[in-house]
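Inspection log for the structure reproduced underneath, given as structure tokens.
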Amino acid sequence: MKILHTADIHLKEFGDDRWKTLQKLIDIAKKEKIDVFAICGDLFDRGVDAEKLRPQIREVFSGHKFKILLISGNHDQDSYRGGLLFGENVHVINDIREPYINQDVCIWGLPFEPIRGEKIISKLHWLASNLSPDKRNILLFHGELLDTFFAPGDFGDEGNERYMPVKLAYFKDTALDYVLAGHFHSCFDVRRINSGGYFVYPGSPVSITKREKGRRKANLFEVGKPPKEYPLDTTYYEDVIVEFDPFKDQKPLEMIKKRVMGLPSEAKLLLTVKGFINGETAGMNEEILAEKINKLVEKKSESSPVYLFKDIRLILEDDLLKNFKQKLDQMNLEGAHKKKMLDLTLQAMIGASS
């Protein structure tokens with residue numbers, strides 16, 4: 001059996017980047033000839049979005065040879081009331097006692113509930129006692145894994161509340177082959193369960209917040225084999241930091257253009273510009289350079305660039321700095337060490353001049 005696993009699409013509007021991401025995932029599912037497409041929570045951003053988009057969801061989820069399995073997340077836990085139709089080939093798992101079975105694979109679901117501790121452990125103990133010994137057992141789950149540190153932003157804009165927290169030790173007696181999880185947005189993450197199975201977060205398939213940086217991925221694997229990253233051509237945020245060096249023959253705008261224009265069309269730019277320029281050599285002051293950079297990156301940039309650079313033309317003409325640089329050039333120093341010493345000297349002279 002071949003499974004495509006994702007979570008945390010947070011659909012809000014028909015036709016936006018998140019909706020296009022869902023369509024791309026459906027296209028991947030068809031191209032890769034999968035058997036099951038598992039969406040492990042937070043398909044919708046809110047319950048009202050689920051109701052608003054359900055007609056379009058029915059259309060995009062229908063007419064496929066693969067099965068689509070859904071469980072609720074903390075954002076859409078009220079979206080899957082009994083009897084609602086999400087597509088002709090969609091199966092919603094609302095109860096851990098009612099798995100989806102396909103030949104030699106049994107897929108269970110632990111949809112999100114506002115529970116923790118003993119209540120979660122009790123459910124997993126029941127599961128351990130009812131797993132099919134003659135089948136591969138997979139659990140769909142939406143919640144936090146506590147075994148490693150995640151910053152709050154790794155779960156989207158959730159604040160500091162705990163969402164169905166678990167530890168890998170909770171699963172050690174379940175003999176699960178896979179726990180396919182949702183809720184962790186930032187990146188693809190795989191951990192081993194003591195029993196030999198895999199706990200997998202695919203990360204959000206589209207950047208929901210600016211903290212979710214880098215190319216997005218899904219989990220596409222064959223049952224019996226390790227989880228596998230599948231890179232996606234979907235919208236994501238990309239940090240780009242450009243640092244000017246006043247001692248090199250540089251053209252600031254060319255530097256920016258080289259770093260930015262090579263980004264994929266899916267990348268939304270988060271640009272930071274730092275370092276020092278010689279305004280006389282560059283032929284422009286700080287204000288003009290910033291205006292030109294803004295114009296250069298406006299189509300790629302998600303927000304205004306962060307400008308931390310300084311024009312230090314007067315300090316660069318200071319005889320004290322020239323003499324210091326000349327002595328540095330005569331010393332046998334590594335490039336990084338030499339640059340650090342020059343930067344420290346520049347900072348000291350800037351502080352003294354102000």
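Scanning segment 2-14 for residues that are hydrophobic (A, V, I, L, M, F, W, C) and farther than 21 Å from Phe188 by Cα yields a count of 1. The C-beta contact set for segment 30-56 (first residue farther than 14 Å from Asn89 by Cα and free of Cβ contacts under 8 Å to residues at least 40 places away in the same chain, second residue assigned to a strand (DSSP E or B) and of a type in the set (A, V, I, L, M, F, W, C), distance under 7 angstrom, 6+ apart or interchain) comprises Leu43/Leu11; Leu43/Leu70; Phe44/Leu11; Asp45/Leu11; Asp49/Leu11; Ala50/Phe44. Among the residues making up segment 124-165, those that are at pLDDT 95 or above, of a type outside the set (Phe, Trp, Tyr) and in contact with a Leu (Cβ under 6 Å, 6 or more places away or on another chain) are Asn137, Leu139, Leu140. Every listed requirement among (1) modelled with pLDDT of 95 or more; (2) surrounded by fewer than 16 Cβ atoms within 10 Å (Cβ to Cβ); (3) not β-branched (Val, Ile, Thr) is met by Tyr198 save one, (2). The set of residues in segment 180-202 that are small (Gly, Ala, Ser) and either outside any loop (DSSP other than H, G, I, E, B) or in contact with a Gly (Cβ under 7 Å, 6 or more places away or on another chain) (or both) comprises Ala181, Gly182, Ser186. Among the residues of segment 15-62, the one identified as in contact with a Pro (Cβ under 9 Å, 6 or more places away or on another chain) and either among the hydroxyl-bearing types (Ser, Thr, Tyr) or farther than 19 Å from Phe188 by Cα (or both) is Thr21.
Criterion applied to Lys340, Lys327, Lys322, Lys295 was being in a helix (DSSP H, G or I), under 17 Å from Met255 (Cβ atoms) and either within 35 Å of the chain's Cα centre (by Cα) or of a type outside the set (Gly, Ala, Ser) (or both), and the one residue passing it is Lys295.
Looking at Asn323, is it among the polar types (S, T, N, Q), in contact with a Ser or Thr (Cβ under 9 Å, 6 or more places away or on another chain) and either closer than 25 Å to Arg211 by Cβ or outside the structural domain of Lys210 (by TED's automatic domain parsing) (or both)? Against the criterion (among the polar types (S, T, N, Q), in contact with a Ser or Thr (Cβ under 9 Å, 6 or more places away or on another chain) and either closer than 25 Å to Arg211 by Cβ or outside the structural domain of Lys210 (by TED's automatic domain parsing) (or both)), Asn323 does not qualify. Among the residues of segment 266-289, those identified as over 20 Å from Lys213 (Cβ atoms), among the small types (Gly, Ala, Ser) and buried (at least 16 other Cβ atoms within 10 Å of the Cβ) are Gly275, Gly279, Ala282.
Within segment 277-286, not a single residue is within 23 Å of Lys217 (Cα to Cα), at pLDDT 90 or above and outside any strand (DSSP E or B). The single condition from (1) hydrophobic (A, V, I, L, M, F, W, C); (2) farther than 23 Å from Leu180 by Cβ; (3) not in a loop (DSSP other than H, G, I, E, B) that Ala218 fails is (2). Evaluation of Asp173 against the conditions (1) of a type in the set (Asp, Glu); (2) over 30 Å from Glu291 (Cα atoms); (3) not assigned by TED's automatic domain parsing to the domain that holds Asn74 shows that the sole unmet condition is (3). Among all residues of segment 310-319, there is at least one that is surrounded by 14 or more Cβ atoms within 10 Å (Cβ to Cβ), within 34 Å of the chain's Cα centre (by Cα) and of a type outside the set (Gly, Ala, Ser). Here is the figure for segment 229-268: residues that are among the aliphatic types (A, V, I, L, M), part of a strand (DSSP E or B) and either in contact with a Leu (Cβ under 6 Å, 6 or more places away or on another chain) or more than 30 Å from Ile28 (Cβ to Cβ) (or both) total 3. Looking across segment 206-255, just one residue is of a type in the set (S, T, N, Q) and under 30 Å from Lys339 (Cα atoms), and that is Gln250. From the list Asp245, Asp239, the lone residue that is under 29 Å from the mean Cα position of the chain (by Cα) and among the charged types (D, E, K, R) is Asp239.
The values are calculated or read from the model by the stated rules, or taken from the named source; none is laboratory data. This structure is a prediction, so every number in the text was calculated from the model and none was measured. FYI the Cβ positions are ideal-geometry reconstructions off the backbone, even for glycines, and counts take in every protein chain you see.
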